[in-house]
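The next block holds one structure in the form of structure tokens; read it before the comments.
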Amino acid sequence: MAAPLHEGQERVRNGAATSCSFAAEFGGHIVIMARRVAGGSWSAQQIERMQRESGHGGFRDFPGLGDRSFLFDLHTAGALLCVFRGGYYLQISVFGMGDAAQVSSAVERLARLALARL
């Protein structure tokens, strides 16, 4: 996935979360969302849900990022990468730029860049 992106557009910015969307020059877009997580119950509930759904073709473990991470395959629509690290949740969504197999390495690179800034 090597596509020029337009300047990011801030979507959400409050005390708990921030989100930006980047349109690709030739179609598709990327959304990056970072959220502070107060306490561990929300993260624990989300991780449990993702683990439960991983057996049904939805989320799958994506080791090597943060404390836990999962990739959600949206088939031809793209992929979502969900990363839990300390008191943060990071989600990178790629839509309309290829299937999960095509975009997963680029999503991982984006996640590593974003995690370095948290």
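Restricting attention to the range 65-92 and to residues that are without any contact (Cβ under 8 Å) to a residue 40 or more places away in the chain and of a type in the set (Gly, Ala, Ser), the residue that is nearest to residue 18 (Cα to Cα) turns out to be 86. Cβ-Cβ distances below 9 Å connect the following pairs, each with a first residue in the range 4-23 that is over 17 Å from residue 92 (Cβ atoms) and free of Cβ contacts under 8 Å to residues at least 24 places away in the same chain, a second residue that is in a loop (DSSP other than H, G, I, E, B) and of a type in the set (A, V, I, L, M, F, W, C), and a separation of six or more residues or different chains: 4/26; 16/37; 16/38.
Just the residues that are of a type outside the set (A, V, I, L, M) and buried (at least 17 other Cβ atoms within 10 Å of the Cβ), please, taken from the range 28-45. Give the derivation first.
Of the range 28-45, the ones of a type outside the set (A, V, I, L, M) are 28-29, 35-36, 39-43, 45.
28, 29, 35, 43, listed by residue number.
Restricting attention to the range 1-27 and to residues that are among the aliphatic types (A, V, I, L, M), farther than 24 Å from residue 87 by Cβ and modelled with pLDDT under 75, the residue that is surrounded by the fewest Cβ atoms within 10 Å (Cβ to Cβ) turns out to be 2.
State yes or no: is residue 93 surrounded by 12 or more Cβ atoms within 10 Å (Cβ to Cβ), under 22 Å from residue 12 (Cα atoms), at pLDDT below 85 and of a type in the set (Gly, Ala, Ser)? Please lay out each step first, then the result.
On the way: surrounded by 12 or more Cβ atoms within 10 Å (Cβ to Cβ): yes; under 22 Å from residue 12 (Cα atoms): yes; at pLDDT below 85: no; of a type in the set (Gly, Ala, Ser): yes.
Answer is no for this residue.
Test residue 69 against the criterion of being assigned to a strand (DSSP E or B) and either touching a Pro at 6+ places or on another chain (Cβ under 7 Å) or of a type in the set (S, T, N, Q) (or both), and give yes or no. Yes: the conditions hold for residue 69.
Scanning the range 90-118 for residues that are in a helix (DSSP H, G or I) and over 18 Å from residue 76 (Cβ atoms) yields a count of 10. Inside the range 75-89, residues that are outside any strand (DSSP E or B) and within 16 Å of residue 110 (Cβ to Cβ) make up a count of 0.
The values are calculated or read from the model by the stated rules, or taken from the named source; none is laboratory data. Note that the structure is predicted; figures quoted are calculated from it, not measured. A quick note on method: Cβ atoms are made from the backbone with ideal geometry, for glycine too, and the neighbour counts reach across all protein chains shown.
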